[in-house]
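This report concerns only the one structure given below.
None of the figures in this text is laboratory data; all of them are computed from the coordinates on show. Owing to the predicted nature of the structure, the values given are computational and were not obtained by experimental measurement. For neighbour counting, all protein chains shown are included, and Cβ atoms are generated from backbone atoms with ideal geometry for every residue, glycine included.
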Amino acid sequence: ASVTVEGDTTSYATFAEALAAASAAGTATITLFDDVTVTAAQTIASGKTITLDLNGHEITANLPSSNIFTVNGSLTVTDSSSPSTGKIENFGSTNNNAKTISVGSSGTFTLNGGTINCSYVTMGVDATGQQTCSPELEINGGEITFVNNLTVGNQSASEGATNKISVNEGILTCKDIN
């Protein structure tokens, strides 16, 4: 993977190294050059702005009890390949503790291209299960397909907390497995 910061591009041997460099920069673009298997949860910290170009590749994980990405800052996923074949999947997400993407703490997730396949997607639920933030999910292209549920906040939301989902183009689909 490579990381571009202010026009300068550096290649890294692993996705984990690329994500660490992008996070250290604060604002950066990661471009994949190979498929990636994630073996541990990844976090986009508050104040960080990361664009992830799948570039026709896949990020897969088998994380039964954690997310692939927890987004507390800003994560934009795009796919510059033609046709757009990049995707992100968490094969281990068989319970509500594991998601492909979890957006919280006023995080922002934008999908401009590629496909995200998952069992669960959550927005606006912090570690204690309380909604205390105002997350945003925006789909401008690509597809998010989830099997079990899309959680947007919860019934114990704090006053003034808001959630925003915008589907401008692209697809948001829930598949019934029963």
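Here are a few things to note about the model shown:
- Listed peptides 3-13, 35-45, 49-59 appear in the order 49-59, 35-45, 3-13 once ranked by packing, highest mean of other Cβ atoms within 10 Å at the front.
- For GLY56, distant residues with modelled amide H under 5 Å away: SER80, SER81, THR85, GLY86
- Couplings for segment 30-37, taken from phi via the Karplus curve 6.51 cos²θ - 1.76 cosθ + 1.60 with θ = phi - 60°, read 9, 10, 7, 10, 8, 5, 10, 10 Hz in order; Gly and Pro are left as x.
- Once backbone amide H atoms are built at 1.01 Å from N, VAL103 has VAL71, THR122, MET123, GLY124 as its partners under 5 Å, excluding neighbours fewer than 5 places away on the same chain.
- Residue-wise HN-Hα couplings along segment 47-54, as the Karplus relation 6.51 cos²θ - 1.76 cosθ + 1.60 with θ = phi - 60° gives them from phi, are x, 9, 10, 10, 10, 10, 8, 5 Hz; Gly and Pro carry x.
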